[in-house]
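Read through the structure below, which is laid out as structure tokens, and then see the notes.
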Amino acid sequence: MRLTAFTDFGLRALMRLASEPSRSFTTDEIATEFAISRHHLIKVVRQLAATGYVKTQRGTGGGFQLARPAKAITLGEVVRDLEDDQPLVECFRDDGGDCVLTPRCRLKKRLSAARNAFLEELDKTTLAECAYPAPPRRAAA
């Protein structure tokens, strides 16, 4: 399975937040640390807030931080929420897509089972187990 960049960015941000759960981060900090697009990260953070993983605060001293304990969040639930509108293959779309193999395809059931196994494996791991530590600080010269 391949995750979208959207989900990748979301997981990276959550892993970093998990390393310092009481701290508030800015999108600039996370984007710079992971060399990812700030513009895309803003969209990801909005979705993470909408799904209850982070809480945000605007203005001076604002930013975002975990809304729930990292040990209470599984990677499986995050991936499900962030990949919700990204079907694995065309025939998994809500409208059934334009797959020419439907209705005689024997692959869909197997792909569905593989996706479920993938997510079940991610359900066994909490965000706390994948917390990404802060980069080491340079000593003053």
note = When (1) in contact (Cβ under 8 Å) with a residue 60 or more places away in the chain; (2) more than 11 Å from the chain's Cα centre (by Cα) are applied to V54, the one that fails is (1)
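Considering segment 101-125 alone, what residues qualify as being part of a loop (DSSP other than H, G, I, E, B) and within 26 Å of A18 (Cα to Cα)? Walk me through how you get there before you give the answer.
The first filter runs over segment 101-125 and keeps only residues part of a loop (DSSP other than H, G, I, E, B), leaving 101-107, 123-125.
D123, K124, T125, listed by residue number.
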task = Residue by residue through segment 108-132, note down the ones that are surrounded by 13 or more Cβ atoms within 10 Å (Cβ to Cβ) and among the acidic types (D, E).
result = D123, E129
task = Output the residues belonging to segment 62-112 that are among the polar types (S, T, N, Q), modelled with pLDDT under 75 and closer than 20 Å to R2 by Cα.
result = Q86
key: Selection status of Q65, at negative phi, assigned to a strand (DSSP E or B) and surrounded by 15 or more Cβ atoms within 10 Å (Cβ to Cβ)   = yes
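The values are calculated or read from the model by the stated rules, or taken from the named source; none is laboratory data. The shown structure was predicted, so the numbers you read here are calculated from the model rather than taken from an experiment. All Cβ positions, even for glycine, are placed from backbone atoms using ideal geometry, and neighbour counts span all protein chains on display.
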